[in-house]
Amino acid sequence: MSSSISSAASTAANASAAALVTSQGIGSGLNIGAIVSALTSAYGAGQSNMLTAQQNTLSAQVSAYGTFKSALDTLQATLTPLQTPSQLAAFSATLGDTPVATASASATAAAGQYALAVQNLATAASLSSQAFTSSSSAVGTGTLTIAAGGASASLTIDSTNDTLAGIAAAINGATANPGVSASILTTSAGARLVLSGTATGAAKAITVTASGGNGGLAPLVYDPANATTNLTQTQAAQDANFTLNGYAGTSASNVVVGAVSGVTMTLLKPTAANTPTTLTVGPNTAAAETSINTFMTALNGVLTSIQSLTGYDPATQTAGPLNGNATLESFQRQLQDVLGQVQGGSTSGIKSLSDLGITANPQGTYDTNTTTLGNALAANLASVGNLLGGAQGLATKINNLVTGFTQVGGLLDSINQGLQAGLSNVAQEQSQLQAELATYSATLTAQYNAMDVAVAALKQTQTYLTAEFSGGTVGNQSSNSSLSSGTTSTKS
C-alpha cells in the first residue's frame, strides 16, 4: 500500500509543480523578483558606486576646465584693443554742430581745433525730359549715347525698345553704363524720363546725344557744350565747397578725407552764413578707459574663477573640483608675473599697472583707481598704449600666455581629451558591469525558481498524503486530528 501511495503522491506533486512554474513564488510564498533584485544590487554595489564616483569626479573636472577656459576666452577678447598702442591711444574728432557734419579720426591724427564752414554739399546731376502721354509712348529710334565722368555708353534704340519705358530699361541694363540711373516719373502732366547720376561731383555731369534713326530721340538730347539742352537740368552735378580756418576746400564727395590729417569728415548740410562750427581733434581717453576697465573686469573674472575652482571653503567644508590643481595654479603664477612687470626705459612715468591706479587687493583680485587712471590717460595716452600694447606690452604677453592654454592642441585641449578618454573608459566598465549583473540576476532567478518548484512539489505531496490518511476526505477533522496526534486505528 505504501508503494502505491508514494507513486500517486509523486505523480500529483509533479503535475502541480509544473503548473506553478509560470508564477514565481507561488510555491514558496517568497517574492523572488524582489529578492533577486536586492541580491543583484548588493552584489554590484561596490563596483557600481566606485564607477559612479569616478564618473562624477571626471564630469566635474570637465565642467570646471570648461568654466576656466570660458573665463580665459572672455579675457582674451578684451585684449584686442589694448595690444595695438595706436588703437588704444586713438584720437576722436567731434563737431560742435552735429547736424552740419560728423567726423572720425585715425591713428595718424593730431590734436587740434578747426573752424569748419560748409557752403554747399556735393550733388549728383539730375535731368528730366518733356512730358509724354505715358511710359509706353513711342519716342524714336537711333543711337543714344549717355556720358558721365569721362565714361559713356552707346545704346541702339529700335522698334523693340523705342518707348519711354524701353529707353529707360536700355539705359539701366547697359553693360558699360557710365553711372546713370533712368526712371519714369508719372504725374498729371504725363510721363517723363528722369536721368540721375549715381555719383556726386562736378566731373560727373551727364550729357546725352543722339544720332541716326528717325530723329525721334532729339527731345532726349542734353549737350550744353553744343548749346543743345532739350532735357531740363533739375540738379547740377557739383563739388562740395567748404572752408577750414577760413581756407577754401572742395570735394567731389560729401565724405572728405585728408583735409585735416588723419580726419574723415562727412558733410551733412551747409552751415548758416558766417557761423562756422568747431571741429575738435583730440585723444579718445574715454574709449581707452572703457577698454581698460573691460579688461580689468575680465581679468578679475579669471582670478575669481581660479579661486573658486581650486580653493577650499572651510565654512562649508567643500573643496573646489580642481582643488590644488597644478595647471590652474601655474597659470595664475605666470599671469601675476606679467601683471607685476615694470617697463624699463620709459621716461613718461607710466611704467607699470600701478601707475594707472591698478593694484592687487587682499582678495586676490585687482582694484582700479578711476581718478589715477583718468589722469594717466589724459596726461600721456601714448605711454599708456605702449605699456599695454606692442610686442613687449602687458596685453600682448597675457594674450600669448592665454593662447598657450586655450589653442587647439594646447594644454587645456590635451587635458580635456584625457578626461574624455577617462569618461569613455568608465562608461565601458559600467556597460560590462551591467552585463555581468544581468547574468548574475538570471542565475539567481533560475535557482530560486527551481527551489520554488521543489517547495510546490513538497506541498502537493503533503496535501495528497493528508487526504489519503484521512480516508479520502481532506476536510475530515477527526482524521486530521488523529494523524496529527500520531495515532492510527486498525481492524482485525
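The values are calculated or read from the model by the stated rules, or taken from the named source; none is laboratory data. Treat the numbers as computed from the prediction; the structure is a model and nothing was measured. With ideal geometry, Cβ positions are generated from the backbone for all residues, glycine too; neighbour counts draw on all protein chains shown.
Things to note:
- Filter pass, Thr145 being part of a loop (DSSP other than H, G, I, E, B) and in the same structural domain as Thr228 (by TED's automatic domain parsing): no
- The residues in the stretch 143-154 that are at pLDDT 95 or above and surrounded by fewer than 20 Cβ atoms within 10 Å (Cβ to Cβ) can be counted, and the count is 7.
Yes/no matrix, rows are residues, columns are (1) buried (at least 17 other Cβ atoms within 10 Å of the Cβ); (2) at pLDDT 85 or above:
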position	(1), (2)
Ile5	no, no
Ser16	yes, no
Val21	no, no
Ile35	no, yes
Ala90	yes, no
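- Some residue of the stretch 217-226 being assigned to a loop (DSSP other than H, G, I, E, B), at pLDDT 95 or above and either small (Gly, Ala, Ser) or outside the structural domain of Asp158 (by TED's automatic domain parsing) (or both): no
- Within the stretch 80-110, being aliphatic (A, V, I, L, M) and not in a loop (DSSP other than H, G, I, E, B) holds for Leu82, Leu88, Ala93, Leu95, Ala101, Ala103, Ala105.
- Here the condition is being surrounded by fewer than 14 Cβ atoms within 10 Å (Cβ to Cβ), among the polar types (S, T, N, Q), at pLDDT 90 or above and in contact with a Gly (Cβ under 8 Å, 6 or more places away or on another chain); of Thr396, Thr439, Thr371, it holds for Thr371 alone.
- Filter result for the condition that a residue is under 30 Å from Gly249 (Cβ atoms) and at pLDDT 95 or above, over Val194, Val118: Val118
- Residues of the stretch 321-345 that are over 30 Å from Gly389 (Cβ atoms) and at pLDDT 90 or above: Pro321, Leu322, Asn323, Asn325, Ala326.
- Filter result (outside any strand (DSSP E or B) and either of a type in the set (Phe, Trp, Tyr) or crowded, with 18+ Cβ neighbours inside 10 Å (or both)) within the stretch 111-139: Leu121, Ala122, Ala124, Ala125, Ser129, Ser135, Val139
- Hey, Pro219 of a type outside the set (D, E, K, R) and surrounded by fewer than 18 Cβ atoms within 10 Å (Cβ to Cβ) or not: yes
- Selected residue [at pLDDT below 95 and either buried (at least 20 other Cβ atoms within 10 Å of the Cβ) or over 28 Å from Thr327 (Cβ atoms) (or both)] from Ser352, Ser383: Ser383
- Those strands (runs of 3 or more DSSP E) of the stretch 238-309 in which 1 or more residues are under 30 Å from Asp367 (Cβ atoms) occupy 277-283.
- Among the conditions (1) at pLDDT 95 or above; (2) closer than 19 Å to Leu356 by Cβ, Thr266 misses just one, which is (2).
- Subset of the stretch 37-56 (residues that are in contact with a helix residue (DSSP H, G or I) (Cβ under 9 Å, 6 or more places away or on another chain) and within 24 Å of Gln307 (Cα to Cα)): Gln54, Gln55
- Only one entry of Thr310, Thr318 meets the criterion of being modelled with pLDDT under 95, surrounded by fewer than 15 Cβ atoms within 10 Å (Cβ to Cβ), assigned by TED's automatic domain parsing to the domain that holds Asn386 and among the hydroxyl-bearing types (Ser, Thr, Tyr), and that entry is Thr318.
- Helices (runs of 4 or more DSSP H) fully within the stretch 336-423 that include at least 1 residues being in contact with a Phe, Trp or Tyr (Cβ under 9 Å, 6 or more places away or on another chain): 381-388, 394-406.
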